[in-house]
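Q: The structure under discussion is supplied below as structure tokens; questions concerning it will follow.
Taken together, the values in this text are just the output of simple stated rules run on the coordinates, not laboratory data. This is a predicted model, so every value here is computed, not measured. Virtual Cβ from ideal backbone geometry, glycine too; neighbours counted across all protein chains shown.
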């Protein structure tokens, strides 16, 4: 009975640790810094991709878009010449509805987890997607077909299937917190922490692992690959931060999340942006967002360019 | 931060204002309209019917009836006349109701009906006027004077006031020979009253008859009850003619007193008035409504309690919503339970109220489980989303139909509850659960269903309580307070209860 209560923190303990709660996030961060009219820029991945390409931010190449039900049968023509690709909903979130085709040959689609699908199953998936099954408000959606990211060998042993991406929280253009999410067998190749993925907090100056958590508990080794997670360091760290920092000017959102992947050949690429980034990043880092936000408001200089902001973070981030 | 505080301050002021308003309104409803917090309280209501009958003589008719001026411990709930084709006019000052009509031929039957209820806090205050000086009667002869003297001599052996003594003497079981000689053989209350008044007048004590109705169950077509009113020591005292007991009984409704008549009929003859009394029991809430309407019609006419009962029942159902919504807001934003759809649990809870808890719960579970099985089978058919969810909706309807028919024939009421569940909501729960199952695993799907049902059950226990439902309807001003609380919760930026556990690892150890 008392053990159960002990697992709860006192509100003042969380407050003194600077933890940002859901209500405070919605009230102080999202509704104050993110104009509703700007949401479509990040909620629609096709638009985000166009905006990013305009300012020379790398994104996965687009193979095609399926907007209407009658176009679904054209899938094979669209992907002709590609043996691997990703189908994702333009309005999806949290990786919902993303279908990764590792190999496509003779009308057989092999997914990232090795499952073999026929044309009918892929057709069905796209139909669901267009009907709005994975979209935020359940509205009609668009299927985006992109090239597959060849994720860097650096991460090869850190993740059990799936693409480990770097999540940055950008406040007033300053990247303030970062983590990478590593899929596990338990999470079935997905990168959601509540489904059993490993969250690794990253140091803002170096991109080195700070700590790792699995189901809210600190871990040292990846549960499947048994690699020491503390040895993880994200290469091209400055470039990662720059993409995130540029997203501020690109969208005008004062508080956003940026998901960035590292491609073997093309370097860091912007995967998607999020106007309502989750709070699990605090758990991965073992620290609250509130104190960093306070520091930005108080001490970080205003009116810097994206490059200058990144340099400031690389030199002064605490 | 400044903005938050000003918004919060404004909303706090709003909350305080609504609480003050609701408190005053509640006080007013209880004190003036007689509303009660308890939903099931019963009150006695007496219906007194005065039936006036007469034969018209062709002349224009004018019927004048004395209406109650003192109601003892009772108050009027409603008052009406049944007199078709008559013009009815009420004279509050003289306490009379006048019904006029052109001349008629057939026998006339008119009714005057009042409903009375027990009111503990009013004592029957009898309005009084000063009597004229009593003229001592002239005795017919010396013998009569002697008889009166002898009677008074006997009466003076008893105790109490003159009136009490004389009444007791005249009502003894074995009458004294003098009294027996004085009284006629036929002793109706009216004759007895007249004799007592005459005897009292010989001693210069003013006395008169009052007429009214004693509230007794199953009184049918009875004559008006008589009592005696005697002027003693500068005020009128009411005496029971048979026992000499002083004071107006609690259950005596006084219609007429003094020199005015109980009933005047012009334009007719053979008039009679008979009283019937019926006692009924209604809920105090219903009674309070009628009473408020009678006493304060202008304000009351614009409240929901003056609507027909069909509309009232709909509103009674609606009035419970705000509380359910408040509960959802608290459970989501303060406790932090995530459910399928924001108001889905509330809709399920409302269905449970209609079906009853156990039967509804079992039935709902059966529908969800069967629906999930069918939905899983549908997956294999590769249908498009909208037709697929539509198919699930139709399947849910068919399952409900099946359960209802089965329930009727087996007389198993548990199953007959099926038809009350919101079909579309149920279908969406099935669809969402199925997708969650595929995407995030069985554990998450079950967890979401359990969360949703948990919130639904909590909401059910709040909104199914007769007590709470009565209060939210009878004192609907508290919905404004709920509105203020919900808006104030919109500025709650503290941690949710579930976050205290979720973020517990972030606590820095000292």
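Q: Quote to one decimal, in nm, the extra length available between residue B:87 and residue B:144 on full extension: 0.36 nm per residue of separation minus the C-alpha distance between them.
A: 15.5 nm
Q: Compute the FRET efficiency between residue B:406 and residue B:335 as 1/(1 + (r/R0)^6), taking r as their Cβ-Cβ distance and R0 = 45 Å, and round to the nearest 0.05.
A: E(calc), rounded to 0.05, equals 0.70.
Q: Within 10 Å of each Cβ in A:20-30, how many Cβ atoms from other chains are there, averaged over the peptide? Each step should come with its number before you reach the end.
A: Numbers: counts 4, 10, 9, 12, 5, 1, 3, 5, 3, 0, 0.
Averaged over the peptide's residues, the number is 5.
Q: What does region A:57-103 give for Rg and for Dmax, in Å, if only its C-alpha atoms count?
A: When restricted to the Cα atoms of region A:57-103, Rg and Dmax are 11.4, 33 Å.
Q: At a 10 angstrom cut-off on C-beta neighbours, averaged per residue, how do the peptides B:260-272, B:385-397 rank from highest to lowest?
A: The most tightly packed comes first, giving B:385-397, B:260-272.
Q: Turning to a different aspect of this structure: If one computes the Cα centroid of region A:113-189 and of region A:1-60, what distance in Å separates the two points?
A: 18
Q: Continuing with the same structure: For peptide A:119-130, how many partner chain Cβ atoms fall within 10 Å of a residue's Cβ, on average?
A: That average works out to 2.
Q: Same structure again: Kirkwood hydrodynamic radius (Cα pairs, Å) of chain A?
A: Values: mean 1/r = 0.0491 Å⁻¹.
Taking every pair of different Cα atoms in chain A, averaging 1/r and inverting gives 20.4 Å.
Q: With r defined as the distance between the Cβ atoms of residue B:157 and residue B:266 and R0 fixed at 60 Å, what FRET efficiency is calculated, to the nearest 0.05?
A: Efficiency for this residue pair is about 0.80.
Q: Rounded to the nearest Å, what's the spacing between the alpha carbon centres of region A:64-101 and region A:247-305? Just the number, please.
A: 28
Q: In addition: Just subtract the alpha-carbon distance of residue B:498 and residue B:222 from 0.36 nm times their residue separation and send over the number in nm, one decimal.
A: The residue B:498-residue B:222 span can extend by a further 92.1 nm.
Q: While we're looking at this one, here's another question. Could you give the nm distance between label points at residue B:380 and residue B:491, where each point is 7 Å from its Cα heading toward the beta carbon?
A: 5.8
Q: Residues of region B:382-399 with amide nitrogen under 12 Å from the 7 Å Cα-to-Cβ point of residue A:120?
A: Within reach of a label on residue A:120, which here means backbone N under 12 Å from a point 7 Å along Cα→Cβ, region B:382-399 contributes B:382-383.
Q: For the peptides A:208-221, A:279-292, what is the packing order when you average, over each peptide's residues, the other Cβ atoms within 10 Å and list the highest mean first?
A: Working: A:208-221: 16.8, A:279-292: 21.9.
Result, highest mean Cβ count within 10 Å first: A:279-292, A:208-221.
Q: Under a 10 Å cutoff between Cα atoms, tell me which one of A:181, A:32, A:276 has the largest fluctuation in the Gaussian network model of chain A.
A: Maximum fluctuation in the GNM of chain A, among the listed residues, is at A:32.
Q: Here's something else I'd like to know. Sorted by mean Cβ packing within 10 Å, highest first, what order do the peptides A:255-263, A:70-78 take?
A: Values: A:255-263: 24.0, A:70-78: 13.8.
Highest mean packing first, the order is A:255-263, A:70-78.
Q: Between helix A:289-299 and chain A, what is the angle of the helix's C-alpha long axis to the longest principal axis, kept within 0 to 90° and rounded to the nearest 10?
A: Tilt relative to chain A: about 70 degrees.
Q: Moving on to the next point. From largest to smallest, what semi-axes in whole angstrom does region B:132-222 give when each is the square root of 5 times an eigenvalue of its alpha carbon gyration tensor?
A: The answer is 25, 16, 14 Å, longest axis first.
Q: Turning to a different aspect of this structure: Could you estimate the translational diffusion coefficient of region B:160-286 from the Stokes-Einstein equation, with Rh from the Kirkwood formula over C-alpha pairs, at 4 °C and 1.567 mPa s, in whole µm²/s? Mind dumping the intermediate values first?
A: Working: Rh = 16.3 Å.
It diffuses with D of about 79 µm²/s by this estimate.
Q: Another question about this same structure. Be a star and scan region B:466-500 for residues whose amide nitrogen sits under 20 Å from the point 7 Å along the Cα-to-Cβ vector of residue B:343.
A: Under cut-off, by backbone N: B:469, B:472-473, B:476-491.
Q: According to the square roots a ≥ b ≥ c of the eigenvalues of the Cα gyration tensor, what is the shape class of region A:148-261, taking rounded for a/c under 1.5, prolate for a/b larger than b/c otherwise, and oblate for the remainder?
A: prolate
Q: Another question, then. Is the C-alpha gyration tensor of region B:320-475 telling us rounded, prolate or oblate? Criteria: a/c under 1.5 is rounded; beyond that, a/b larger than b/c is prolate, otherwise oblate.
A: Oblate shape, in that a/c is at least 1.5 and b/c is the bigger or equal ratio.
Q: Could you check the spin-label model distance between residue B:180 and residue B:466? Points 7 Å from the Cα along Cα→Cβ, value in nm.
A: 6.1
Q: Summarise the long-distance tail of P(r) for region A:12-150 by giving the % of C-alpha pairs beyond 21 Å.
A: Considering region A:12-150, 51 percent of its Cα-Cα pairs are separated by more than 21 Å.
Q: Still on this structure, I have one more. Where does helix A:306-316 land angle-wise versus the long Cα axis of chain A, in degrees 0 to 90, nearest 10?
A: 50
Q: What is region A:235-311 by shape, rounded, prolate or oblate, if you read a ≥ b ≥ c off the alpha carbon gyration tensor as root eigenvalues and call it rounded for a/c under 1.5, prolate for a/b larger than b/c, and oblate otherwise?
A: Here region A:235-311 falls in the oblate category.
Q: So, R0 is 45 Å and r is the distance between the beta-carbons of residue A:113 and residue A:299; what FRET efficiency does that work out to, to 0.05?
A: 0.45
Q: Label-point separation (nm) for residue B:102 and residue A:6, each offset 7 Å from Cα along Cα-to-Cβ?
A: For the pair residue B:102/residue A:6, the computed spacing is 9.8 nm.
Q: Cα convex hull of the protein assembly as shown: how many Å³ per residue?
A: Expressed per residue, the convex hull around the Cα atoms of the protein assembly as shown is 281 Å³.
Q: A follow-up question, please. What 222 nm value per residue comes from the helices of chain A, counting each DSSP H run with n ≥ 4 as -39,500 (n - 2.57) and dividing by all residues, nearest 500 deg cm²/dmol?
A: On the way: 10 runs with 85 residues, N = 318.
About -7500 deg cm²/dmol.
Q: Can you tell me which of A:62, A:270, A:177 moves the most in a GNM of chain A? Springs connect C-alpha atoms under 10 Å apart.
A: A:62
Q: Rg/Rh for region B:152-192: what does it come to with C-alpha atoms and Rh from Kirkwood?
A: Radius of gyration over Kirkwood radius for region B:152-192 works out to 0.95.
Q: Then there is this: Using only Cα atoms and rounding to the nearest 10 degrees, what angle (0 to 90) does helix A:119-130 make with the longest principal axis of chain A?
A: The answer is roughly 50 degrees.
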